[in-house]
Amino acid sequence: MQSYGGVIGYVRVSSLSQVENGSGLEIQKKKISEYCREKGYLLERFYEEKGVSGSIKERPALLRLLKDCESGKIKRVVVFRQDRLARELTVSLWIETQFRKYDVAVSSVLDPELDMNDPLQLAFKRLIDVFAEMEKMLIVSRLRDGRVEKAENGYKAVGAIAIGYKKGKDGLIVNPEEAEWIKKIFRQAAKGKTYTDIAAMLNKNGIVTRRNKAFSIETVKYILRNSLYHGESTYGSIKGRGEHEPIISKRLFMRVQRRMNSPAKESCIV
């Protein structure tokens, strides 16, 4: 069988969990390698996109691939599925235009091989792109509906776990050591301590944020505005009583909010 060079593989997974367990990337690589052997393509290397969205500007491997196509050494790009390049129709058309400009062919392991110079096959390719975009919209909609349902039932819908809590079997549970510092933050604010004073207290005691950084004024403000701590669950405009244990009373929370929102007390809290 004749072999053809200038072939590279492009693989992408959009979630960090897929990156961590390796399943998404490794399966794609395996299938692409098998496909290239069957076709007689000399697969030179892979361009890997790990845990990124479909946005062009957030995909360094794709941008590097397109840049490398300018050299003329890349003749064919092989993907596991066409939607690994893009699910959105407009993005897919832009990428397709770039490859055509540099005379680079695109092959997909799962999708049929199409001749983009044939009007009927080109139209079929457009249909594939439309359905890929629709599939993404359905996935996003299902995720959003799931988060709304969780919020309506009193569970944390999305986002990082707030300081003072940790993940339990059925939701958030109190982290006793961190919770004591949350109580101190609210008590200090209620007494009129400034954001700067509170941040300094935390940093002096070696308390760090979830990102392992020192506390800033903005971080303190965020904590003091977070209704999660008095037992509320929120997602967008949806608010309700959470299933988690509150760390502070609603009375203390509201007292701090009044102090933060009062012009007369502004100089005390900032």
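Annotations for the structure displayed:
Table: residues versus (1) outside the structural domain of K167 (by TED's automatic domain parsing); (2) at pLDDT 90 or above; (3) under 15 Å from G164 (Cβ atoms).
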{"residue": "I182", "(1), (2), (3)": "no, yes, yes"}
{"residue": "R187", "(1), (2), (3)": "no, yes, yes"}
{"residue": "A200", "(1), (2), (3)": "no, yes, no"}
{"residue": "N203", "(1), (2), (3)": "no, yes, no"}
{"residue": "A214", "(1), (2), (3)": "no, yes, no"}
{"residue": "E232", "(1), (2), (3)": "no, no, yes"}
{"residue": "I238", "(1), (2), (3)": "no, no, no"}
{"residue": "H244", "(1), (2), (3)": "no, no, yes"}
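- No other residue among N212, N203 is without any contact (Cβ under 8 Å) to a residue 40 or more places away in the chain, of a type in the set (S, T, N, Q) and assigned to a loop (DSSP other than H, G, I, E, B) apart from N212.
- Under the condition of being of a type in the set (D, E) and either assigned to a helix (DSSP H, G or I) or under 17 Å from K184 (Cβ atoms) (or both), the residues counted in the range 215-233 number 1.
- Considering the range 196-221, and only residues there that are more than 13 Å from I182 (Cα to Cα) and hydroxyl-bearing (S, T, Y), the residue that is surrounded by the most Cβ atoms within 10 Å (Cβ to Cβ) turns out to be S216.
- Within the range 43-75, the set of residues being assigned to a loop (DSSP other than H, G, I, E, B) and at pLDDT below 80 comprises G51, V52, S53, G54, S55.
- The set of residues from the range 58-75 being within 16 Å of R100 (Cβ to Cβ) and either within 24 Å of the chain's Cα centre (by Cα) or surrounded by 21 or more Cβ atoms within 10 Å (Cβ to Cβ) (or both) comprises L62, L65, L66, I74.
The values are calculated or read from the model by the stated rules, or taken from the named source; none is laboratory data. For clarity, every value in this text was computed on a predicted model and none was experimentally measured. Cβ sites come from the backbone with ideal geometry, for glycine too, and all protein chains shown count toward neighbours.
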